[in-house]
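Report on the structure given below.
The values are calculated or read from the model by the stated rules, or taken from the named source; none is laboratory data. The structure displayed is predicted, hence computed values, not measured ones. Backbone-built Cβ (ideal geometry, glycine too); neighbour counts: all protein chains shown. Please note that ligands, DNA and RNA were not included when accessible areas were found on the heavy atoms of the full protein model with its side chains. Shrake-Rupley method; radii C 1.70, N 1.55, O 1.52, S 1.80 Å.
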Amino acid sequence: MECLLAYCRPGFESECASELQARALDLGGSGYIRAKPQSGFIVFTPYEVEARVLARQTPFRALTFARQVVVSSGLIKDLPVTDRAGPLVSAFGELAEGFAGLWVETADTNEAKALLGFCRKFSPHLESAMAAAGLLGSAPGHQPRAHAFFLSGTAAYPGLSDPQSGSPWFMGIPRLKSPKGAPSRATMKLEEAFHLFLAEQERQQVLRPGLRAVDLGAAPGGWTWQFVRRGLRVTAVDNGAMATELMDSGLVEHLRVDGFRFAPDQPVEWMVCDMVEQPRKVASLVARWAVNGWCKRAIFNLKLPMKRRYDEVRLCREVIAERLNSAGFAHSLALKQLYHDREEVTGYLRIG
Ligand code: SAM
């Protein structure tokens, strides 16, 4: 029986599992979960709905806590050290007729990091064995990506994902360069959000000189910096100090006022919010900006509580969707735990 393997941030296994369970329920199914705390992945075996159907209906962008979702035929234990590739190639042959590529991966935990070196070394061997079996780069057309997810040097899940709906990143982790000159590390969150939520062409259209952004809770300016380097004008709202180089750009207006009370004097393209506050308070603020027509799109961080984190995310989603639906606003809303997020998730709301 096929199962789904979902990679997540260590510590968020139960949220990741709850989400897949809810998806299965929506499709009239249920499922059995295997999840070890802090392991960085979960295994979900669905009943009454096929794993492939569930995966198709569950693009990774629609999930908050999963970094990648892979359909697997199950764990292969005791891989012979003299021929690890053999059993994996057979399993891949059962999964699909051919693959567009192969990723040899492991979980994003400190223990698993030691395995990453092995994965890198083993990857070309497995690739050649798959190519020799006609499983790589042979058939034309749309093909799945192969994943070999290692738990140890002798145990791995073989699996596949659809490159169109799965994460485009190895291990579900974007490799973004840490930009030089940004005033804070928080800048990486907005950079990642732009890459995740906007296709390249859209990035160029909506992040260009001449457009305006409001950054609520802006200091010292890591998020503002992302706009400024793309030539947008920013109103930075925060009682704290902004980095001097940013102010020297001439593109930033700094207002020392309360971000929950601030209203722009003209509509802007972007509102972003990184204020550390109750998530539902931030969700209502985002909804208020949208229904007042103050921005066309928003990116915001929701700092999660210690407990019932999945429920809180659902509630925030409902707060925004209900306000916009009852005001008659078509919109799309995605909530995602980014690689650069810790105890938080990042939302992207687009109006229209
Ligand atoms: N995004 C920023 C960056 O990239 O440098 C970091 C923001 S920091 C996590 C949160 C900021 O929110 C703090 O500077 C804090 O002063 C500000 N803040 C919290 N509550 C606020 C409020 N009600 N109004 C305005 N700013 C607020």
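Considering the convex hull of the alpha carbon atoms of the stretch 35-142, report its projected area averaged over all viewing directions, in nm², one decimal.
Its Cα hull, projected and averaged over all orientations, spans 8.3 nm².
Here is the link list: Lys177/Lys296; Lys189/Lys296; Lys177/Lys281. Which ones come out longer than 23 Å on Cα distance?
Where the Cα-Cα span goes over 23 Å, the pairs concerned are Lys177/Lys296; Lys177/Lys281.
Let me spell out the model: positive unit charges on the Cβ of Lys and Arg, negative unit charges on the Cβ of Asp and Glu, origin at the Cα centre of the stretch 1-98. What dipole size does that give, in debye rounded to 20?
320 debye
Please check which bits of the stretch 204-238 a label hung off Arg342 would reach, taking the label as a point 7 Å along Cα-to-C-beta and the cut-off as backbone N under 18 Å.
Under cut-off, by backbone N: 219-223.
Within the stretch 66-101, what residues put their amide N at less than 14 Å from the label point 7 Å along the Cα-to-Cβ vector of Ala132?
82-90
Starting from 0.36 nm per residue, how many nanometres of slack lie between Ala241 and Ser123 once their C-alpha separation is accounted for?
37.7 nm
With N residues in the stretch 233-288, what two-decimal value do you get for its Cα radius of gyration over 2.2 N^0.38 Å?
Against the compact-globule rule of thumb, the ratio is 1.20.
At 7 Å along the Cα-to-beta-carbon direction for both Asp265 and Ser184, put a label point, then send me their distance in nm to one decimal.
2.7 nm
Take every Cα pair under 8 Å in the stretch 172-273 that's 6+ residues apart, average their separations, divide by the length, and report that relative contact order as a whole percent.
Over the stretch 172-273, the number comes to 27 percent.
Sort largest first and round to whole Å: the equivalent ellipsoid semi-axes of the stretch 121-259, each the square root of five times a Cα gyration tensor eigenvalue.
So the three semi-axes of the stretch 121-259 are 44, 17, 12 Å.
How far is it, in nm, from the label point at Ser165 to the one at Lys281 when both lie 7 Å from their Cα along the line to the Cβ?
Using points 7 Å along Cα→Cβ, the separation is 3.9 nm.
What is the antiparallel percent of DSSP beta bridges lying wholly in the chain, to the nearest 5?
DSSP beta bridges in the chain are roughly 60 percent antiparallel.
What is the gain in length, in nm to one decimal, between Asn325 and Glu253 on full extension, counting 0.36 nm per residue of separation less the C-alpha to C-alpha distance?
Roughly 22.6 nm would be gained on extension.
Based on the Cβ-Cβ distance from Thr45 to Ala199, what FRET efficiency comes out when R0 is 41 Å, to the nearest 0.05?
0.80
Once neighbouring chains are kept in place and the probe is 1.4 Å, which whole percent of the accessible area of the stretch 92-213 is contributed by carbon and sulfur?
Answer for the stretch 92-213 is 50 percent, counting heavy atoms of protein chains only.
On the Cα set of the chain, report Rg and Dmax in Å, please.
Rg and Dmax of the chain, Cα atoms, are 22.0, 69 Å.
If you place +1 on the Cβ of every Lys and Arg and -1 on the Cβ of every Asp and Glu, how big does the dipole about the Cα centre of the stretch 47-180 come out, in debye to the nearest 20?
Around 680 debye, computed over the stretch 47-180.
Please list, in chain and number order, the residues 5+ apart from Leu151 or on another chain whose amide H is under 5 Å from its amide H, with Hs placed from the backbone.
Here Ala156, Tyr157 satisfy the definition.
Under 8 Å for C-alpha pairs, at least 6 residues apart: give me the relative contact order for the chain, rounded to a whole percent.
Across the chain, relative contact order equals 13 percent.
Per q in 0.10, 0.17, 0.20, 0.23 1/Å, what log10 I(q)/I(0) does a Debye calculation on the alpha-carbon atoms of the stretch 205-326 return?
Listed by q, the Debye log ratios stand at -0.31, -0.84, -1.09, -1.31.
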